[in-house]
1. Looking at residue 222, is it exposed (fewer than 12 other Cβ atoms within 10 Å of the Cβ), at pLDDT 90 or above and over 21 Å from residue 59 (Cα atoms)?
2. Looking at the structure I just gave you, is residue 98 surrounded by 17 or more Cβ atoms within 10 Å (Cβ to Cβ), in contact (Cβ under 8 Å) with a residue 24 or more places away in the chain and either under 16 Å from the mean Cα position of the chain (by Cα) or assigned to a loop (DSSP other than H, G, I, E, B) (or both)?
3. Tell me, which residue of segment 18-44 that is touching a helix residue (DSSP H, G or I) at 6+ places or on another chain (Cβ under 8 Å) and surrounded by fewer than 18 Cβ atoms within 10 Å (Cβ to Cβ) is modelled with the lowest pLDDT?
4. Sort through 146, 93 and tell me the only one that's within 22 Å of residue 65 (Cα to Cα) and either at pLDDT below 90 or not assigned by TED's automatic domain parsing to the domain that holds residue 40 (or both).
5. With respect to residue 116, determine if the residue is modelled with pLDDT under 85 and surrounded by fewer than 16 Cβ atoms within 10 Å (Cβ to Cβ).
6. Can you pull out every residue in segment 136-152 that is surrounded by fewer than 14 Cβ atoms within 10 Å (Cβ to Cβ) and in a helix (DSSP H, G or I)?
7. Could you tell me which of the residues 106, 133 is assigned by TED's automatic domain parsing to the domain that holds residue 46, under 26 Å from residue 26 (Cβ atoms) and buried (at least 17 other Cβ atoms within 10 Å of the Cβ)?
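The values are calculated or read from the model by the stated rules, or taken from the named source; none is laboratory data. Given the structure is predicted, the values throughout are model-derived calculations rather than measurements. Cβ placement follows ideal geometry from the backbone for every residue including glycine, while neighbour counts extend to all protein chains displayed.
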């Protein structure tokens, strides 16, 4: 799988994605308001997936729970995006666990009801399909970066893989977080540490890699797709 394709994330920012006109209104008009307090469980892996959510406010954490009780965070989903897309698939079962990273306000619709509404409103189904394809690309990337247990290794791998033919990476911290599954705060803290150790130099929407070999050593022997 081409890692460069997985890094197309410019429209997955913490706001309603560009061109997303129909779905927010559809969820607000036909969905039910669901509120979760920070730390609350939304769903667990293998649960029946009846509802799909539009995230109006807050942040959702998607993660995997292993048999020994440890958790591996895959990503944080920001407002203006969908959560629980498995509800429109067959069979409908959750593929990850999700909880509320902050207090949440979401609109919930049954998967079949959403598809019915999309079929009745011109323009909404292509919008839904486009959003699904972007999420598939990001999920592939998140799963790849989930092999790293340390955020430093995730970020080092991202910077290394994006400087094969250039020295600068032109992504915002939020965009890097979207690809790697890290929070923006974690990205900021790791970048600060890497800069203090002379691996990188950070500027506005631009990161200059100073020690690419050093970055490679930080994430060990794991390989790319």
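1. On the way: exposed (fewer than 12 other Cβ atoms within 10 Å of the Cβ): yes; at pLDDT 90 or above: no; over 21 Å from residue 59 (Cα atoms): yes.
Spelling it out, it is not the case that residue 222 is exposed (fewer than 12 other Cβ atoms within 10 Å of the Cβ), at pLDDT 90 or above and over 21 Å from residue 59 (Cα atoms).
2. Numbers: surrounded by 17 or more Cβ atoms within 10 Å (Cβ to Cβ): yes; in contact (Cβ under 8 Å) with a residue 24 or more places away in the chain: yes; either under 16 Å from the mean Cα position of the chain (by Cα) or assigned to a loop (DSSP other than H, G, I, E, B) (or both): yes.
Yes; evaluated as a whole, the condition is true for this residue.
3. Only one residue fits best here, namely 19.
4. Numbers: 93 fails: either at pLDDT below 90 or not assigned by TED's automatic domain parsing to the domain that holds residue 40 (or both).
Being within 22 Å of residue 65 (Cα to Cα) and either at pLDDT below 90 or not assigned by TED's automatic domain parsing to the domain that holds residue 40 (or both) holds for just one of 146, 93, which is 146.
5. Details: modelled with pLDDT under 85: no; surrounded by fewer than 16 Cβ atoms within 10 Å (Cβ to Cβ): yes.
Considered against the rule, which asks whether it is modelled with pLDDT under 85 and surrounded by fewer than 16 Cβ atoms within 10 Å (Cβ to Cβ), residue 116 comes out as no.
6. 136
7. Details: 133 fails: buried (at least 17 other Cβ atoms within 10 Å of the Cβ).
Answer to the selection: 106.
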